[in-house]
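The values are calculated or read from the model by the stated rules, or taken from the named source; none is laboratory data. Since the model is a prediction, treat every value here as computed from it, not as a measurement. Backbone-built Cβ (ideal geometry, glycine too); neighbour counts: all protein chains shown. Just the protein is used for accessible areas: all its heavy atoms, side chains included, with ligands, DNA and RNA removed. Shrake-Rupley method; radii C 1.70, N 1.55, O 1.52, S 1.80 Å.
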Amino acid sequence: MIKTLNTFILFSLGQSVIAQKGIENLLLAEKDFAAYSVAHSTKEAFQKFIDSNSIMFDNGKPVNAIEFWEKREKNAGVLNWRPQYAEISASGDFGYTTGPWTFQSTKNDTIAARGQYTTVWHINKNGEWKFLVDLGIDNEQPGSTEERIIDTPKEPAVPDEHSPINLLERAETNFNSLQVKNNSKAYETWLSHESILTRHGFLPAATSAERRSVIVSTPAGIKYTMDGFGISIIPDMGYTYGKSITGGKTENYLRIWRREKNGWRIAVEVLRY
């Protein structure tokens, strides 16, 4: 179930992220990431918190985040954000956050743009929280200030089962195939009862009514090409990402998957079109 996070998390600006597992430390890493962005620069913050294999997206293509930020110039723009939803694997070292972001041309300017970010995190081999993939959308409405943990029951792998990553890939492939034929049926089949959908122009859809509205607005016949994936150590969460093509335009998508009693189900979908 979704429950309100009552724990107040203390953090210091630019602190080192300690390799402590758990949802509180995942949120701590995200908040420290945002604080570093405001205090220093967007470029420096991303360079500090990206994993060596982190993925971002550039003109419809997934790219290595380190290379992406090395090419970008530092500027006076202020990118800020905060977590709104968070979820973590039973392993305690893999999860996601999603929440509203804002951009100002300088710290003294009014907000010029806003939207919703989604980031997948893990603890790397050096014992640091780093992000693996990040994708956001634009909207014009301020996001909620409430911070909530999603605590939906998850299922680990069972003995003698097929490879969990293969089952995750199969779920992704089956969803994409069905979505081209029947958009509503695809979501009906593969969404969890606790899923979050994000699109340009929409606040995150986290209730049944909100999800229905977003699904109806989603163009039919989007073609997907999966470019990559990952899975938690205890294989109860994973993610897939790639290209979304509609009307001759190539954009990107990110899906975060949760392994439930009835198999892999979509926990979060970020879709750009």
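Here are a few things to note about the model shown:
- Any hit, the range 52-59, residues being under 16 Å from residue 128 (Cα atoms) and buried (at least 21 other Cβ atoms within 10 Å of the Cβ): yes
- Yes/no for residue 230 being closer than 25 Å to residue 21 by Cα, touching a Phe, Trp or Tyr at 6+ places or on another chain (Cβ under 9 Å) and at pLDDT 95 or above: yes
- Tallying residues that are closer than 13 Å to residue 271 by Cβ and either at pLDDT below 95 or β-branched (Val, Ile, Thr) (or both) within the range 233-246 yields 3.
- Residue, farthest from residue 166 (Cα to Cα), within the range 220-233, restricted to residues that are among the hydroxyl-bearing types (Ser, Thr, Tyr) and surrounded by 17 or more Cβ atoms within 10 Å (Cβ to Cβ): 224
- Residues of the range 246-262 classified as of a type in the set (Phe, Trp, Tyr) and closer than 16 Å to residue 89 by Cβ, total: 1
- Any chance residue 144 is open to solvent by 30 Å² or more (accessible area, probe 1.4 Å) and either among the polar types (S, T, N, Q) or not in a loop (DSSP other than H, G, I, E, B) (or both): yes
One line per residue, one yes/no per condition, for (1) over 22 Å from residue 245 (Cα atoms); (2) surrounded by 13 or more Cβ atoms within 10 Å (Cβ to Cβ); (3) of a type in the set (A, V, I, L, M):
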position: 153; (1), (2), (3): yes, no, no
position: 171; (1), (2), (3): no, yes, yes
position: 185; (1), (2), (3): no, no, no
position: 191; (1), (2), (3): no, yes, yes
position: 201; (1), (2), (3): no, no, no
position: 204; (1), (2), (3): no, yes, no
position: 210; (1), (2), (3): yes, yes, no
position: 214; (1), (2), (3): no, yes, yes
position: 218; (1), (2), (3): no, yes, no
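- Taking the listed residues 188, 128, 172, the one that is without any contact (Cβ under 8 Å) to a residue 60 or more places away in the chain and acidic (Asp, Glu) is 188, with no other qualifying.
- Residue within the range 204-223 that is modelled with pLDDT under 95 and assigned to a strand (DSSP E or B) present: yes
Here is a yes/no grid of residues against (1) surrounded by fewer than 17 Cβ atoms within 10 Å (Cβ to Cβ); (2) within 18 Å of the chain's Cα centre (by Cα); (3) touching a residue at least 40 places away in the same chain (Cβ under 8 Å); (4) assigned to a strand (DSSP E or B):
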position	(1), (2), (3), (4)
76	yes, no, no, no
83	no, yes, yes, no
86	no, yes, yes, yes
92	no, yes, yes, no
95	no, yes, yes, yes
98	no, yes, yes, yes
103	no, no, no, yes
114	no, yes, no, yes
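- Exactly one residue out of 172, 146, 188 is under 19 Å from the mean Cα position of the chain (by Cα), among the charged types (D, E, K, R) and modelled with pLDDT of 95 or more, and it is 172.
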